[in-house]
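The values are calculated or read from the model by the stated rules, or taken from the named source; none is laboratory data. No experiment lies behind these values; they were computed from the predicted model shown. Cβ coordinates were reconstructed from backbone atoms using ideal geometry, including for glycine residues, and neighbour counts include every protein chain displayed. Note: accessible area is taken over every heavy atom of the protein model, side chains too, but ligands, DNA and RNA are not part of it. Shrake-Rupley method; radii C 1.70, N 1.55, O 1.52, S 1.80 Å.
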Amino acid sequence: MESLQIPVDGTWTKHVIPIPVSSRLTASQGLFHFAEGAEEGAYTIWFDDVQYVDLSSIEVGDADTVNVGWPSPTVAVGATFQINSAPNAIAWGPPVPTNGGNLTNVGFRYFTLTSSNPAVATVDADGVITGVSGGTASITATLGGLAVAGQASVTVTAPLGVPSTIAAAPTAPAADVISMFGSTYASVGVDTWSTGWSGCCNTLTDPFDIAGHPVKKYELRHFAGIQFVGANAIDASAMAFLHLDVWTPNGTEFQVRLVNAVGAGQTEATVTYNAGSTPALTTGAWISLDIPLSAFTGLAGRNALGQMLLLVPTSTTGVFYVDNVYFRK
């Protein structure tokens, strides 16, 4: 969870960050992190007396408003869906701490989540819904003794399809290719195919085996970051295309973002594939994406590519199998 817009000035000020349900905080691995959020540049800040304390109702009131960003997901039998905690917000009644006591991005571990029909869909303490059988169910929540308005209306469908064949082997000459992944060419080094800063709750199965052939399976909930910086940065100045082979059972939109010169002054650009693109994003078949690098408008250069992001629209999910990732002339 986060407490935002805490005022700072030249005097010592006591700030209180309320804990929604303190009895749930049984395995904390750190007290807090902090960041400058006003984009005003570097700050010098002093901290003192950082501690957990038990305060009376005279100093801090009770939580009186709770909002959860409930989705209406469709989940296949055996598949999962992570309810995003980013919209979750709690406001405290009087007496109110210095920044209003408002909390955002409150994790579901503080809530009690309940499925109306566990035979159709279950939900765990982290807000992960699992499809059990076909039908519908509702996920509701309480925070301590406070009921949370709304619900997640879940529809569970048949199991998702899985590719039974592999993508066609690439035919570009090896001398014209910088390969990141695939069985046809020798590949360059990649730091990670799923960074720690990837969007919440994405999963990567690597390798995913299709008839003895390894591919990468992404379950995307917003985005997964692929990083190759430093000695692994790619100079694609002489290349004309980025190639990926993609197979999805349920995706409706798929985006690829490239980032050049990662760090201060980096540039980035994104291309999008859906039912109206060329080629169209369709389900149940391998799609060959041969993306002109010129389509990444806004990318100031490609001499030091260091990140590639695979994305789906916010509040949607999609499973994507990926093979043959390479740049070519």
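Full extension of the chain segment joining D48 with D176 gains 40.2 nm, where the gain is 0.36 nm per residue of separation less the Cα-Cα distance.
Note on T267 and N303: the extension gain reaches 11.8 nm, defined as 0.36 nm multiplied by sequence separation minus the Cα-Cα distance.
Note that the chain presents 51 Å² accessible area per residue, ligands and nucleic acids not counted, probe 1.4 Å.
What percent does the relative contact order of the chain come to when contacts are Cα pairs within less than 8 Å and at least six residues apart? Intermediate values should be presented prior to the final figure.
Details: 735 pairs, mean separation 51.4, N = 329.
For the chain, the relative contact order is 16 percent.
With a simple spin-label model that places each label point 7 Å from the Cα along the Cα-to-Cβ direction, the separation between V190 and S23 comes to 4.6 nm. Normalised Debye scattering of segment 213-266 at q = 0.15 Å⁻¹ gives log10 I(q)/I(0) of -0.63, counting only Cα atoms as equal scatterers and leaving out solvent. Take every pair of alpha-carbon atoms less than 8 Å apart whose residues are at least six positions apart; their mean separation over the length of segment 1-141 yields a relative contact order of 26 percent. A simple spin-label model places the labels of A168 and A295 1.6 nm from each other, with each point 7 Å out along Cα-to-Cβ. Protein heavy-atom surface of segment 53-137, 1.4 angstrom probe: 52% of the accessible area is carbon and sulfur, with nucleic acids and ligands not counted. Dividing the radius of gyration of the alpha carbons in segment 25-86 by their Kirkwood radius gives 1.09 for Rg/Rh.
So between N232 and S153, what do we pick up on full extension, going 0.36 nm a residue minus the alpha carbon distance?
Numbers: separation 79, 0.36 × 79 = 28.44 nm, distance 4.43 nm.
Here the segment from N232 to S153 would lengthen by 24.0 nm.
When the charge dipole of segment 238-329 is built from unit charges on Cβ atoms (+1 for Lys and Arg, -1 for Asp and Glu) and taken about the Cα centre, the candidate among T314, T278, A261 whose Cα reaches farthest toward its positive end is A261.
Pairwise Cα separations in segment 98-184 fall into 5 Å bins from 0 onward with the following percentages, short to long: 3, 11, 15, 13, 9, 7, 7, 7, 9, 9, 6, 3, 1, 0.
In square nanometres, what is the average projected area of the Cα convex hull of segment 149-253?
On the way: hull surface 39.0 nm².
Mean shadow area of the hull around the Cα atoms is 9.8 nm².
Nothing charged except the Cβ atoms of Lys and Arg (+1) and of Asp and Glu (-1): what's the magnitude of the dipole of the chain about its Cα centre? Round to the nearest 20 debye.
Values: 10 positive and 24 negative charges, 173 e Å.
Charge dipole, the chain, about its Cα centre: 820 debye, nearest 20.
Quick check: convex hull over the Cα atoms of the chain, volume per residue in Å³, rounded to an integer? Write down the numbers at each step before the final one.
Working: hull volume 54.7 nm³, N = 329.
Once divided by residue count, the hull of the chain is 166 Å³.
What percentage of the solvent-accessible surface of segment 258-329, computed with a 1.4 Å probe over protein heavy atoms, is contributed by carbon and sulfur atoms? Within segment 258-329, the accessible surface is 50 percent carbon and sulfur.
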